[in-house]
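The values are calculated or read from the model by the stated rules, or taken from the named source; none is laboratory data. Treat the numbers as computed from the prediction; the structure is a model and nothing was measured. Here the Cβ positions follow ideal geometry from the backbone for every residue, glycine too, while neighbour counts run over all protein chains shown.
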């Protein structure tokens, strides 16, 4: 059995996916620790592989997308040691099949290109990808599969932390859909502002993007809070929590041909 290991390195979490062909067998995440060495990551990943009974030597290929440059080489070394493969790193020079129609293509985060590849392959275009990660990003894909650009705003977690850290009396609260918009106490009021505030941000941005595109577009949400936000959004059509992992699998296959 030949397996492919895909890794999405984000600012908050590193997400691993193990594929057999097009089937995602396992996925797991660990906290992003920028000061860890390749040996420390090797121990963590080895333990997770053991937990899920993943045979390391059956990994025949690995691919990394990273928005944390200091960790890219660290994880490459980890994967060389763990799987005896040379990882494919998403970046300039690899085949994506995505024309990047922006001022400076090198500025675009690799995770956004990976999401574009997955969304266009699975859902076609025009499309809008809303990624609810450390930042909340909106990526716009044309009907021809071109990456047209997008928007970046602070993520829900960042806003929550700012509210808690920069005020003297507000508590840290759970992110969930409240019973009503008009909160009757401090916790309800904060949950309303955070939840409905971000739903309004998401729907408002999608509405403006569609107006600028002058055509409708399928809207795909991904990231840890995608399911939660989609319950109240008027415009999210699809929720695909594994979109980035799927994009990495597709890119790996493209670059093996």
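Here is a yes/no grid of residues against (1) surrounded by 19 or more Cβ atoms within 10 Å (Cβ to Cβ); (2) in the same structural domain as residue 41 (by TED's automatic domain parsing):
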{"residue": "73", "(1), (2)": "no, yes"}
{"residue": "84", "(1), (2)": "no, yes"}
{"residue": "99", "(1), (2)": "no, no"}
{"residue": "110", "(1), (2)": "yes, no"}
{"residue": "113", "(1), (2)": "yes, no"}
{"residue": "116", "(1), (2)": "yes, no"}
{"residue": "131", "(1), (2)": "yes, no"}
{"residue": "141", "(1), (2)": "yes, no"}
Filtering region 202-245 for residues that are free of Cβ contacts under 8 Å to residues at least 60 places away in the same chain and within 17 Å of residue 112 (Cα to Cα) leaves a count of 2
Exactly one of (1) farther than 18 Å from residue 251 by Cα; (2) outside the structural domain of residue 10 (by TED's automatic domain parsing) is unmet by residue 57. Its number?
(2)
Is it the case that some residue within region 223-231 is outside any helix (DSSP H, G or I), in the same structural domain as residue 110 (by TED's automatic domain parsing) and exposed (fewer than 15 other Cβ atoms within 10 Å of the Cβ)?
yes
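Could you tell me whether region 40-57 includes any residue that is under 15 Å from residue 243 (Cα atoms) and within 21 Å of the chain's Cα centre (by Cα)?
Residues of region 40-57 under 15 Å from residue 243 (Cα atoms): none.
No - not one qualifying residue is present in region 40-57.
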Quick one: in region 10-36, which of the residues that are buried (at least 19 other Cβ atoms within 10 Å of the Cβ) and touching a strand residue (DSSP E or B) at 6+ places or on another chain (Cβ under 8 Å) is farthest from residue 158 (Cα to Cα)?
19
Here is a check on your reading of the model: is residue 169 at negative phi and loosely packed, with under 11 Cβ neighbours inside 10 Å?
yes
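Going by the structure shown, is residue 39 modelled with pLDDT under 95, more than 16 Å from residue 89 (Cα to Cα) and surrounded by fewer than 15 Cβ atoms within 10 Å (Cβ to Cβ)?
When the stated conditions are applied, residue 39 passes them.
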With the first residue restricted to region 132-147 and required to be on the phi > 0 side of the Ramachandran plot and at pLDDT 95 or above, and the second required to be surrounded by fewer than 23 Cβ atoms within 10 Å (Cβ to Cβ) and assigned to a strand (DSSP E or B), Cβ contacts under 9 Å at 6 or more apart or on different chains are none
Would you point out the residue of region 46-81, among those that are assigned to a helix (DSSP H, G or I) and touching a helix residue (DSSP H, G or I) at 6+ places or on another chain (Cβ under 6 Å), that is modelled with the lowest pLDDT?
56
Which ones in region 1-45 are more than 20 Å from residue 132 (Cα to Cα), part of a strand (DSSP E or B) and touching a residue at least 12 places away in the same chain (Cβ under 8 Å)?
3, 4, 5, 18, 19, 20, 24, 25, 26
